[in-house]
């Protein structure tokens, strides 16, 4: 473990070194006299900094803030004088992991303070990273739920069951989109779109395309193409209530292959009495039809 001691008093520095050598012979201690000298000594390998609050080039908590800025991953133990215990407590509130009174230091206490400070800093870093990860996950979940469409159905006998899963591992968002809309005349439209790319930008593009599809304007598609993107491909199916078929409770799935500008989709029949799966070609609302 690498430790940097910032102490301008040679006697105190020698005392600290002797104490650590007595109980922690494997520690590597680097002694510097000021914050300016500490700059080259502080590195990513530094695990702990023993800092005197009174230095030639730093007074008060200025030295602490400079050390925290130069060694953000290191634990800091503040060394205070006999009458500076209150400053030690305040130093902990300002980012230090612990403080020690010089007049009360012994080898065991110093070793334990260093070890505890390093572990406390590691626990703080882990807690902060976990909080950030949870915050990002919660935000992504809210964004994902906001991007998913709400099927527009008027018939109480209709229900839509779907599953949306991005292709990448641990991803919450993808560029693909879908929508189901029941028109006033009872015609039910379903659309599945594939947007080139992955991530929040593509997911936002999918929302725009889904909105355009719900408005039913083919011209709206072109305005959402981004430079360098592959655009989007859609698969559409519609069912008319006049088709004399069973209620539209079906599971849609994309075919293995799609073509530029068009695609196809199969619907697995809910009833095993149907002789063949139904098939609908890609089309805009009002132009598609069901065929055997």
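Summary of computed values
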quantity: Selected residue (only one of 55, 15 is surrounded by 14 or more Cβ atoms within 10 Å (Cβ to Cβ), more than 24 Å from residue 122 (Cβ to Cβ), out of contact with any helix residue (DSSP H, G or I) (no Cβ under 7 Å at 6 or more places or on another chain) and in the same structural domain as residue 124 (by TED's automatic domain parsing)); calculated: 15
quantity: Verdict on residue 99 being farther than 25 Å from residue 62 by Cβ, in contact with a strand residue (DSSP E or B) (Cβ under 7 Å, 6 or more places away or on another chain), without any contact (Cβ under 8 Å) to a residue 60 or more places away in the chain and surrounded by 13 or more Cβ atoms within 10 Å (Cβ to Cβ); calculated: no
quantity: Criterion: touching a helix residue (DSSP H, G or I) at 6+ places or on another chain (Cβ under 8 Å) and either surrounded by fewer than 19 Cβ atoms within 10 Å (Cβ to Cβ) or without any contact (Cβ under 8 Å) to a residue 12 or more places away in the chain (or both) - qualifying residue of 7, 22; calculated: 22
quantity: Test: residue in the range 130-145 that is assigned to a helix (DSSP H, G or I), within 30 Å of residue 29 (Cβ to Cβ) and modelled with pLDDT of 90 or more; calculated: no
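The values are calculated or read from the model by the stated rules, or taken from the named source; none is laboratory data. This one's a predicted model, so the numbers in the text were calculated from it and none came from an experiment. Please note: Cβ atoms are built from the backbone with ideal geometry, for glycine as well, and neighbour counts cover all protein chains shown.
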